[in-house]
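The values are calculated or read from the model by the stated rules, or taken from the named source; none is laboratory data. Source: prediction; values computed, not measured. Here the Cβ positions follow ideal geometry from the backbone for every residue, glycine too, while neighbour counts run over all protein chains shown.
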Amino acid sequence: MSNVPRLLVAIDLHRDGKTLTAGSCLATDQAVELAKHIDADAGVELLHSVGPDWAGGRGQRSDIQDSAQHTLDQVADRFRAIGVAASVAISDETPWLAIVRRVIRDRIDLVFAGRRNESSQLPLGLGSVSRQLVRKCPCTVWVAKPGGDLAPRRVLAASDLSPVSERVVEYAAFVARHYRAELHVGHAFQLRAGAELEGWMGLEEFVRREREQRVRRLTEQVERAGGAPSVSLHATRAAPTKALLDWSAMLEPDLVVMGTVSRSRVHGLLVGKTALRLLGSLECSLLTVKPDDFVCPIARED
């Protein structure tokens with residue numbers, strides 16, 4: 001994570017095309033900060049979609065697109081000012097679909113998007129674009145929450161000790177090192193149905209040993225990720241969703257990093273239930289990492 005080859009910032013504008021929404025402002029700020037650490041030749045893409053169902057007349061639509069082009073050029077200048085190449089594109093496709101197709105075409109590694117905060121937002125809390133990106137975008141997605149801090153003070157990584165969680169911890173550790181933030185790595189485990197305890201060992205002792213073993217594996221993950229200035233490990237016997245919500249309430253993180261999981265036979269159509277349930281519950285920014293075997297359904301359709 002010392003160099004991210006290619007970034008895409010999904011720019012959401014107000015209807016006049018002249019100003020960024022609050023979520024896009026924060027997403028752009030965070031992308032600029034990260035872009036300072038990537039190769040200038042890799043570059044950043046800025047993408048805005050007016051959508052296929054825009055209701056204005058042709059002349060008004062053209063004016064809005066001109067305003068959007070000017071606004072995106074101004075945002076691109078922020079990246080160019082720090083020596084990072086930046087390109088601008090405006091699409092008339094459905095926003096999430098335009099983003100996913102651009103990610104596939106240009107092999108984007110990380111998408112920044114703003115979490116919507118308009119009154120029309122849907123019950124799940126992230127808005128339809130963010131939820132679709134978490135479900136279907138084949139790369140890592142960072143969804144910025146409006147009103148959040150540019151510099152995270154506390155980062156929570158959810159690890160299930162799977163291969164994708166190696167990358168989860170790597171991203172979380174990189175962010176924590178960069179901002180000198182606290183890094184918390186949480187792992188939830190449950191006893192297998194019908195698990196047999198060893199002879200004399202009672203349930204309490206069995207759980208204690210399980211927790212110690214998992215903490216050792218978490219420690220190894222953090223070490224492989226390069227560590228962070230302040231690290232705390234949490235291994236809890238609980239359902240993953242409950243554990244993550246409990247940690248979030250206790251720690252009040254600024255960023256939660258977690259993996260998404262594709263299901264066998266329907267790759268890319270579903271993500272893990274834990275990720276979906278958390279979308280509307282977290283009061284912070286969210287970074288989701290896809291597994292290596294993730295298959296984007298849009299790529300399959302095209």
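Just a few scattered comments:
For (1) within 18 Å of Leu110 (Cα to Cα); (2) at pLDDT 85 or above; (3) buried (at least 16 other Cβ atoms within 10 Å of the Cβ); (4) in the same structural domain as Pro163 (by TED's automatic domain parsing), each residue gets a yes or a no:
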{"site": "Pro229", "(1), (2), (3), (4)": "no, yes, no, yes"}
{"site": "Ala243", "(1), (2), (3), (4)": "no, yes, yes, yes"}
{"site": "Val266", "(1), (2), (3), (4)": "no, no, no, no"}
{"site": "Ser281", "(1), (2), (3), (4)": "no, no, no, no"}
{"site": "Arg300", "(1), (2), (3), (4)": "no, no, no, no"}
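- Of the residues making up segment 208-259, those that are touching a residue at least 12 places away in the same chain (Cβ under 8 Å) and either of a type in the set (Lys, Arg) or within 16 Å of Ser281 (Cα to Cα) (or both) number 22.
- Within segment 187-208, considering residues that are surrounded by 12 or more Cβ atoms within 10 Å (Cβ to Cβ) and among the charged types (D, E, K, R), the one modelled with the lowest pLDDT: Glu205
- Subset of segment 153-190 [of a type in the set (S, T, N, Q) and either closer than 12 Å to Thr219 by Cα or assigned by TED's automatic domain parsing to the domain that holds Glu33 (or both)]: Ser159
- Subset of segment 1-16 (residues that are modelled with pLDDT of 70 or more and assigned to a loop (DSSP other than H, G, I, E, B)): Pro5, Arg6, Ile11, Asp12, His14, Arg15, Asp16
- Residue in segment 159-182 that is surrounded by 13 or more Cβ atoms within 10 Å (Cβ to Cβ), modelled with pLDDT of 95 or more and more than 27 Å from Arg107 (Cα to Cα) present: yes
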